[in-house]
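Read the structure below first, then the notes.
The values are calculated or read from the model by the stated rules, or taken from the named source; none is laboratory data. Fair warning: this is a prediction, and the values are worked out from it, not measured in the lab. In this analysis, Cβ positions are derived from the backbone assuming ideal geometry, glycine residues included, and neighbour counts consider all displayed protein chains. The area values use the complete protein model at the heavy-atom level, side chains included, leaving out ligands, DNA and RNA. Shrake-Rupley method; radii C 1.70, N 1.55, O 1.52, S 1.80 Å.
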Amino acid sequence: MINTFLFLLMHRTSISIFNTLFNTEVPRIILKADPDFTIQDYNEAYQIATYTAGKDIRGKSLWEIYDPKESGVEGTNLLLEALTKAATENIAVFMPPFHYDIPAADGNGTTKSWWQLEIIPIPGEDGATEFLLTTTYNITETVLNKEALEQVTLSEQQLNEELATSNEELAAINEELSSTIEELTAAQDNLFQINSKLESRVSERTKALSDTESSLRSLVMSAHYPLMILRGREWVIEIANQPLVNLWDKTITGVTGRPLMEILPEIEDQPFPGFLRQVYDSGVGYGQEEQIFHYNSPDGPATKYVSFYYDPMFDNEGQVCGIIVAADDITEKVRSRQLLEQSYKDQKELNDRISTINEELAATNEELSASNEELVDSKRELELNIQNLAESEARFRSLITQAPVGICVIRASDLMIMDVNNNYLELVGKPIGEMQSRTIWEAVPEAAANYAPVMNTVITTGEAFIANEHELTLIRNGVPERVFIDFVYEPVKDASGSVNSIMVVGIDVSDKVLSRKNIADIEERIRLAVEAAEIGTFDHDIINDSIVTSERFDAIFGFDGPGSRNDVLNSFHPDDKAMSDAAREEAYRSGKMYYDTRLIYPDGSIHWVRINGRVYHDEDEKPVRVLGTVLDITEFKRLQQQKDDFISIASHELRTPLTSLKASLQLLERVKDKPQATMVPRLIEQSSRSMNKISDLVDDLLNVSHMNEGQAKLNKSLFTISTMLNDCCTHVRAMGNYNLIFEGDHELKVFADEHRIDQVVVNFVNNAVKYAPDSLEIYLKVEKRGDMVRIEVRDSGPGIPAEKIPHLFDRYYRAGNAELQISGLGLGLYISAEIIKRHGGEIGVDSELGRGSTFWFTLPLEGND
Ligand code: ADP
């Protein structure tokens, strides 16, 4: 058929046959047998298979249409190989089947398919291959059917194999079963044999048993010891022999066939029923060597000791059906053993007691021999002690005799003097004769009143009495003497602790006490002197640069409490520092310290002090300590300053009238030859005025010194004060500027030194003129106040500042108003005060700034008669 086709194709003789060949659902293509395998023609099925429907692919190379991706490289190579083979060898080639997964139309998944290619060469006119007709066959169905067949074949094979295995197993089981059946048959035979043997044995046993029971009965009954058989749970007494009923004081007939507990209800609370139950329940025999047994005998309750054994009896099923009781009456045996034990016990106790007594005896013996030894030792010790005692007494006596203090030993019972040494005799100032064979208070009666009670207390309490520097009067050699004694009443105790004697040890410390008292007195006097002088003291430790100061020192330095060395140094006025340092340096050399210096108090006020001290040096002449005093000399310095001021004022005051006197005298000298010169009387008057002034000043000065020396003698007389006041101060009245107005009692008289009182009033009035020049009225007032008369001079001048008032009557004090340069010595009021004081009166001033001043004094009115 192929050849025919090829022939047709080659000769193109029948196009219709060619069309028939192509008009099929099998994809077909004609390729040129050139190297590109150019597509010559194809059918519709081919175009569908190659997705080229509607395209003209004629003239294109097969490799342009063929998609190697779908059949893979291997497939492509196989196709090339097959095409080439068909073309070159000019033979038809069947390519082996290949597998191709057709993609689904919707793009989801693929459908398996298998294909096969048939390539038929179509020769040209030269006989060589010109075209290749390639037909593609879908062999999917064939392949799938083949696979299904293969699968069925495989399952069948497996089934066959499994069947063979099961067959083998069944054969093995079969074998086992047949051998088991054989064994079972053998065992059955065996069982038959055993059964028959057993049956014959049972019949033998039954016979033997009936024999045994009758022999058991005769055995029990003939036994020489108590035996019994109890049956069932009721413990019915089946058999009981004579010895057994004897045990209970019963008869065989009385008990046989009756339950045990009925025969012996009294054992209910005894251990027997318990043991019986135990044997019955456990099937194990039980016995006791010795058990007390209480029962009711015909004579009343009785006690026996028994030994027993309960043996269980079993029935054919192995159940306990009764108990064989074997017992023995061991009462006698137990009683005699108890007796024996008791006697053993008694014997042992006796032995123990004897051995205890023996031990005690041995101990006592040992103690005795030890005491004996001790006694021997004590005796030896005692002898030694006596010897020692004698020696110590001798030593004691010589100690007393030689002691540097007074010692007297007194017997406690009667206070007799037992021993006394010379020092004691000397202390109390008595000869030995007055002390021997006497009681202490007979010998020293002057001390009895104070010290007998003390000594009694020492004897009763046993506690020593120690007296320090007791002051007492002793009659020494007949003369009473005041002495200071240190002494001790020392109780001497015996072995029992009671006081058997008193040892009085005394020493005369009068000298010590007196000198100490003297020193204390001196110290006290010094202290008082220092205090009175308001002297502060200090102790400067130069090495440690520390200082100890007295209270007065601290007060002088303006400290609240004790000041340190630094505080002291810092108190010095800075301007005086160099001076005080130099003074100290000098003192360290010379040993004497003395200098005045200024201090500045914390409040800024300035104070003068005088430091006086002594410097102490060590062996190397190094200053180590200064002991010194400090004195507040502020007031002294102030007075000194005042005095200096006064001297300069006084000189100045004196110089003015002296200069004018000198000038007047020189002028008079010049005109002495011309007595008619007109200036003479004026010059004389001027001289006399100057003289008066000088004489007043000198009077004042004299008055002061007189006052000081207490020379101002009073020349008292009784005078009328108003008269004295009216006559005084003529110089002021003469000036005509001032009006002296009298006030008060015209009649009042006083007994006083009229001249001096006049001087006081003049001084007051002069001051009013001097210091209150604008007060043209000056009042003089006299009034009686109680037993005093008060005289006052009042002005309405500038007054006096309150702080100055207390000083007005001081010597040299001048209130010193800077604006008013008024001359004066500051003595007038001082002298006035002195005069009034001597009269026993008072002086004072009432003044306020801008309100004038009232100077006043009082005089006593007594002695007016
Ligand atoms: P002097 O010699 O200075 O007057 P006095 O002792 O008499 O001394 O007076 C002391 C001071 O008292 C005076 O310096 C003056 O300042 C003050 N003084 C005395 N009298 C008066 C007065 N009437 N009014 C004001 N000051 C007076």
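Test of understanding: given the chain, find the longest segment containing no trypsin sites (Lys or Arg not before Pro) that are in a DSSP loop and have at most 16 other Cβ atoms within 10 Å. Formally, the longest exposed-site-free interval is 439-671. P(r) tail, segment 189-345: Cα-Cα pairs separated by more than 22 Å, 50% of all pairs. Element breakdown for the chain at a 1.4 angstrom probe: carbon and sulfur atoms account for 54% of the accessible area. For segment 222-281, the fraction of C-alpha pairs more than 16 angstrom apart is 42%. Restricted to Cα atoms, segment 545-589 shows a radius of gyration and a Dmax of 11.4, 33 angstrom.
Under the rule of -39500 (n - 2.57) per DSSP H run of 4 or more residues, summed and divided by the residues of the chain, what mean residue ellipticity at 222 nm is obtained, to the nearest 500 deg cm²/dmol?
The per-residue figure over the chain is -16500 deg cm²/dmol.
Among the GluC sites (Glu not before Pro) found in segment 588-645, those both in a DSSP coil and sparsely packed, with 16 or fewer other Cβ atoms within 10 Å of their Cβ, are Glu619, Glu621. Sorted from longest to shortest, the spans of the Cα atoms of segment 416-560 along the three principal axes equal 70, 40, 29 Å. What the Kirkwood sum gives for the chain is a hydrodynamic radius of 52.9 Å, with every pair of different alpha carbons counted.
Leaving out ligands and nucleic acids, and using a 1.4 Å probe, what accessible area per residue does segment 739-814 come to in Å²?
I get 48 Å² per residue for segment 739-814.
Eigen-decomposition of the gyration tensor built on the alpha-carbon atoms of segment 320-361 gives equivalent ellipsoid semi-axes of 44, 11, 4 angstrom, largest listed first. Computed over segment 273-402, the percent of Cα pairs more than 18 Å apart is 78. Over segment 534-682, all Cα pairs binned in 10 Å intervals from 0 give whole-percent P(r) values of 10, 29, 20, 10, 8, 8, 9, 5, 1, listed from short to long.
Distant-in-sequence amide contacts of His573, defined by a placed amide H-H separation under 5 Å and a gap of 5 or more residues or a different chain, comprise Arg598, Leu599, Ile600.
With protein chains left intact and a 1.4 Å probe, residues in segment 280-339 average 58 Å² of accessible area per residue.
Of all aspartates and glutamates in the structure, the ones whose alpha carbon falls short of 17 Å from that of Lys146, not counting any fewer than 8 places away in one chain, are Glu156.
Cross-link partners for Lys781 among the lysines, with Cα-Cα distance under 25 Å and sequence neighbours closer than 8 places in the same chain left out: Lys716, Lys749, Lys770, Lys804, Lys837.
Computed over segment 513-612, the Cα gyration tensor eigenvalues convert (square root of 5λ each) into semi-axes of 27, 17, 13 Å, ordered from largest to smallest. Let a ≥ b ≥ c be the square roots of the eigenvalues of the Cα gyration tensor of segment 663-736; is it rounded (a/c under 1.5), or, if not, prolate (a/b larger than b/c) or oblate? Oblate, because a/c is 1.5 or more while a/b does not exceed b/c.
Per residue, the accessible area of segment 126-166 comes to 74 Å², computed with a 1.4 Å probe over protein heavy atoms only.
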